[in-house]
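Take a look at the structure below.
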Amino acid sequence: MDSRISQTDGDEPRWISELKDHDDNSNQELYAVVAEYDTPDALMAACEQVRDAGFKDWDSITPFPVHGIDESMGIKQSILPWIVLGAGLTGGTIGLLLQWWTNAIAYPFIISGKPFFSLPANIPVIFELTILLSAFTAVGAMLALNLLPAFYHPLFRHPRMARYSSDRFAIVIEAKDRLFDREKVEALLKGAGSVGHEVLFAPEKRAPLPKVFHGVGILATLLTLVPLAYIAKARFTKSEDPRIHIIQDMDMQPKFKAQVPNELLGSLWGDARASLLPMEGTIARGEFVEDEALHYGQDESGNWVTSFPVEVDQALLERGRQRFDIYCSVCHGHAGDGNGSVNQRATALARFGGKGMAWAPPANFTDPRIVAQPVGELYNTVANGKNNMKGYAAQIPVEDRWAIVAYVRALQKAQTVPVDSLTDEQRDALGSN
Amino acid sequence: MASHGIELNENDLRMPASLRGLGGKLLGAGVLLTLIGVALGFTQAGLKHLMFAYITALAFTMTIVLGGLIWLLIQHVFRASWAVAIRRIGESIVRMMPLLILLFVPLLLLIATSSPESPNVIYKVFKWLDPSYVSGDADFLPNKQVVYGGYLNKGFFLIRLVGYFVILFFLARFFTSNSVKQDETGDVNTTRKMEKLSAPMIPLFALTITFLGLDLLMSLDPHWFSTIWGVYLFAGGMLSFNCVLALLMMTYQKHGALTKVIRTDHYHDVGKLMFAFVIFWSYIAFSQYLLIWYAHIPEEITFFAKRQENGWEWISVTLIFGHFAVPLLGLLSKHVKRHKPALAFWAVWLLVMHFVDMFWIVMPNYDAHHVPLPFVAIALALGFLSLIVGAAIKSASSKSIVAARDPRLGESLAYHNV
């Protein structure tokens, strides 16, 4: 049995009298009249009477929600739904603007090939922020509209207050209501069927905050400035110390780095470099070149070779044609005229608005200068590139490079051979297309 | 709780004659509209268009009836009391499952009688029926054997559909006839029996609607798939069923039935379900769109690529605004949900949008290059819906229009929303 719910209505529980003892001896004034009811129906009927009498500063207390009590008390529809709607729309707008500004204006980069301002991709965040702001606002606004949190309320001193969260109902009419008149109110509530009523007094002034709170409050406020001060110091001063690295992950690895002097290596053999040149007289595995003409297109003196170091036959030419079509025709065209699809596109862009695009066209193999180049030089161009063309050594193995060179020669010959030197059959074959 | 102690007498349980007459008229109108649709198909639109329009109308009606079934199962599994007063109205729609199954029969007959020697128009609808399409279909399809050989073939398809119909038939019959039986016996155990069975039947329903939707609608485009398909159809169906329910409730009351039984709070709750499923449908529809759009892989993107050009983009935009944005704002307010004319307006609006949704699903498979005239589809959809609703009303007229001896009826009659 809860000792606070006393059997006799006259005795007040000890904790209440103790509270009253602490009341600073300040003046007590009439706060409200509280009337008790023992059924929800009685309560509802009484509420209707109070409502009809025109009171404004009053409330009813029930241990459970009573359906229909809003109407009986004349409580109007809350404005909370409108506040939540506003918050939801605000959230959605924030989500939209945030994503638009960050993705399309502030730091645009292509994500998954989607446009910078990409509405479908933005929907989840917009949706989430709408819900988030709606939900948080609903909770916060609901508390605020109920004037909560309230750390103290005079009703806490009411001896029978505990019953009103258990098995009784109450109506409280506050003295500050403009229609309040003690006798009239008591008569009204009694006439509406209350089983008891009590007059509640409360100090006219709230008890002052204990002095300690002031000190603690000032100290706490000053303490919150300390982290801010540290942050400000870090922000506006320079320091030689390395930055504080809290989550190490795998950031500090005990390994040798290529472009950094490594002390351990220096102490081992005097050279602090982790990537060294091969020692004198050694060749790395796979780097041995037996046939220099084959690999470099040059002889010992460094001159370009003028004859093929491989056997040039139909198979080589076919291979060369296939490889040429794969690697070279994009820029140089299938006829080697320098007008491959890349060239066409690039000239079109340069003509129609590529921003200041300068395009050097790929070489036309029938250019006399290139016709005069020895095969070794052609080979070198394939392997190592020339001007804007990058070398294809990494993609094309040695044999294939020579095949391409053979095919290039074939293309050159095909386009520079004089018509007169063709036999009749050859001329017919060409003309029949 | 201030309960009103409503007592129902014999009269309150009978359907008024005018309402029964309306049922007959709706049935007649349904037949007429269906015939008009079919006639238009044969004369103007062409058989292929007619078949696709038929499937559109079938999808429209099927989702509504199936939405009713799951609504009913949910009422039982939650032991909900608010809807007991209107459950009989919902059950009348679910009771029409055999009629819905009957509407499938022409389709099944066409499929069953088709063969490579004598192909009929159904070969142009369900392309996978045609062996030359299957064999000529792109060789890069990695699971061609599984998709066509194992799953999409005539025999298995027919067996599956029959299977779904058997399940749906028995589900509908169990939950509607037990409810009606309780009118006589007043046996509480009937309620317990329905509650107990509803739980395992919900996953069975989920599987059934998923595969039925897959077979009827997704197989129209054999390359494409969406794992959220079943949920999508469920969402649209539940939404549309609640619209039909709201309109039926108003119709009943207009004819003087259930005036003591149905409160504003019941409309409010049906309106809440409509609102909730507008949001749910939108969520699912957008989920389906976002994943496919973002990945942009060729085998999935065809669905949305087709629906964003050649005029179909207007239908898609209509769905965004008409099925999501506008009804969401419209149904937000509790006052709208408690005001019968406003609720009726949104119920009709959403039913139209559900039709547009089904049209948008089915018809691009008929013609992706322009939006065909919708008249055949509209006539058939309206016809089927009229048939189902009319037959539902007529069938309900022979029984009590309220679940009179349901143990939770009292709670439902006194149901209060805050």
Could we say that A:H158 is closer than 30 Å to A:D38 by Cα and either touching a helix residue (DSSP H, G or I) at 6+ places or on another chain (Cβ under 9 Å) or within 14 Å of another protein chain (Cβ to nearest Cβ) (or both) here? yes
Residue check for B:L40: among the aliphatic types (A, V, I, L, M), over 26 Å from B:V162 (Cα atoms), open to solvent by 10 Å² or more (accessible area, probe 1.4 Å) and within 19 Å of the chain's Cα centre (by Cα): no
Please tell me if A:I326 is at pLDDT 95 or above, out of contact with any strand residue (DSSP E or B) (no Cβ under 8 Å at 6 or more places or on another chain) and either assigned to a helix (DSSP H, G or I) or under 20 Å from A:K413 (Cβ atoms) (or both). yes
What pairs can you find where one residue is in segment A:112-124 and at the interface with chain B (Cβ under 9 Å from one of its Cβ atoms), the other is of a type in the set (K, R), and their Cβ atoms are less than 8 Å apart, with a gap of 6+ or different chains? A:A121/A:K114
Could you figure out which of (1) open to solvent by 60 Å² or more (accessible area, probe 1.4 Å); (2) not in a loop (DSSP other than H, G, I, E, B) isn't true of A:V405? (1)
Out of (1) more than 22 Å from B:P374 (Cα to Cα); (2) in contact with a helix residue (DSSP H, G or I) (Cβ under 8 Å, 6 or more places away or on another chain); (3) not hydrophobic (A, V, I, L, M, F, W, C), what's the single condition that is false for B:S118? (2)
Can you find a residue in segment B:112-121 that is outside any loop (DSSP other than H, G, I, E, B) and open to solvent by less than 10 Å² (accessible area, probe 1.4 Å)? no
Just wondering, is there one or more residues in segment A:124-142 that are touching a helix residue (DSSP H, G or I) at 6+ places or on another chain (Cβ under 9 Å), within 27 Å of A:L43 (Cα to Cα) and not in a loop (DSSP other than H, G, I, E, B)? yes
Residues that are open to solvent by less than 80 Å² (accessible area, probe 1.4 Å) and either away from chain A (no Cβ under 13 Å) or over 16 Å from B:F280 (Cα atoms) (or both), drawn from segment B:332-343: B:S333, B:K334, B:V336, B:K337, B:R338, B:A342, B:L343
Scan segment A:371-402 for residues that are assigned to a helix (DSSP H, G or I) and touching a Ser or Thr at 6+ places or on another chain (Cβ under 9 Å) and report the count. 3
Would you pick out the residues in segment A:42-83 that are in a helix (DSSP H, G or I), more than 10 Å from every other protein chain (Cβ to nearest Cβ), crowded, with 16+ Cβ neighbours inside 10 Å and among the aliphatic types (A, V, I, L, M)? A:A42, A:L43, A:A46, A:V50, A:M73, A:I83
Residues of segment A:96-153 satisfying the condition of being polar (S, T, N, Q) and more than 30 Å from A:K205 (Cα to Cα): A:Q99, A:T102, A:N103, A:S112, A:S118, A:N122, A:T130, A:S134, A:T137
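Residue-by-condition table, conditions (1) at pLDDT below 95; (2) over 21 Å from B:L351 (Cβ atoms); (3) among the polar types (S, T, N, Q):
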| residue | (1), (2), (3) |
| --- | --- |
| B:F78 | no, yes, no |
| B:I86 | no, no, no |
| B:R95 | no, no, no |
| B:P98 | no, yes, no |
| B:S118 | yes, yes, yes |
| B:W128 | yes, yes, no |
Within segment B:380-418, count every residue that is more than 14 Å from chain A (Cβ to nearest Cβ) and not in a helix (DSSP H, G or I). 12
Quick test for you: out of A:G333, A:G302, A:G281, pick the one residue that is out of contact with any Leu (no Cβ under 6 Å at 6 or more places or on another chain), on the phi > 0 side of the Ramachandran plot and not assigned by TED's automatic domain parsing to the domain that holds A:V398. A:G281
Taking the stated definitions as given, is A:F127 in contact with a Phe, Trp or Tyr (Cβ under 6 Å, 6 or more places away or on another chain) and open to solvent by 60 Å² or more (accessible area, probe 1.4 Å)? no
Within the group A:A187, A:A175, A:A121, which residue is open to solvent by less than 40 Å² (accessible area, probe 1.4 Å), farther than 30 Å from A:W101 by Cα and not β-branched (V, I, T)? A:A175
Could you list, in sequence order, all residues of segment A:125-139 that are among the aromatic types (F, W, Y) and either touching a His at 6+ places or on another chain (Cβ under 7 Å) or within 12 Å of chain B (Cβ to nearest Cβ) (or both)? A:F127
Only one of A:T416, A:T366 is among the hydroxyl-bearing types (S, T, Y) and surrounded by 15 or more Cβ atoms within 10 Å (Cβ to Cβ); which? A:T366
Scanning segment A:303-329 residue by residue, the ones that are open to solvent by 40 Å² or more (accessible area, probe 1.4 Å) and over 55 Å from the mean Cα position of the chain (by Cα) total 12
Just the residues that are without any contact (Cβ under 8 Å) to a residue 60 or more places away in the chain and either part of a helix (DSSP H, G or I) or surrounded by 13 or more Cβ atoms within 10 Å (Cβ to Cβ) (or both), please, taken from segment A:190-209. none
Any pair with Cβ under 6 angstrom, 6 or more apart, that starts in segment B:272-287 at a residue that is over 16 Å from B:L351 (Cα atoms) and more than 11 Å from chain A (Cβ to nearest Cβ) and ends at one that is at pLDDT 95 or above and part of a helix (DSSP H, G or I): B:I284/B:V231; B:I284/B:Y232; B:I284/B:A235
For segment A:143-163, which residues satisfy the criterion of being free of Cβ contacts under 8 Å to residues at least 40 places away in the same chain and part of a loop (DSSP other than H, G, I, E, B)? A:N146, A:L147, A:L148, A:P149, A:A150, A:F151, A:H153
Do we have B:P222 as open to solvent by 10 Å² or more (accessible area, probe 1.4 Å), more than 21 Å from A:I126 (Cβ to Cβ) and more than 14 Å from chain A (Cβ to nearest Cβ) here? yes
Kindly establish whether B:F241 is among the aromatic types (F, W, Y), in a helix (DSSP H, G or I) and away from chain A (no Cβ under 14 Å). yes
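The values are calculated or read from the model by the stated rules, or taken from the named source; none is laboratory data. None of these values were measured; they are calculated from a predicted model. When we count neighbours, we look across all protein chains shown, and the Cβ atoms used for this are built from the backbone with ideal geometry, even at glycine. Heavy atoms of the whole protein, side chains included, go into the accessibility calculation; ligands, DNA and RNA do not. Shrake-Rupley method; radii C 1.70, N 1.55, O 1.52, S 1.80 Å.
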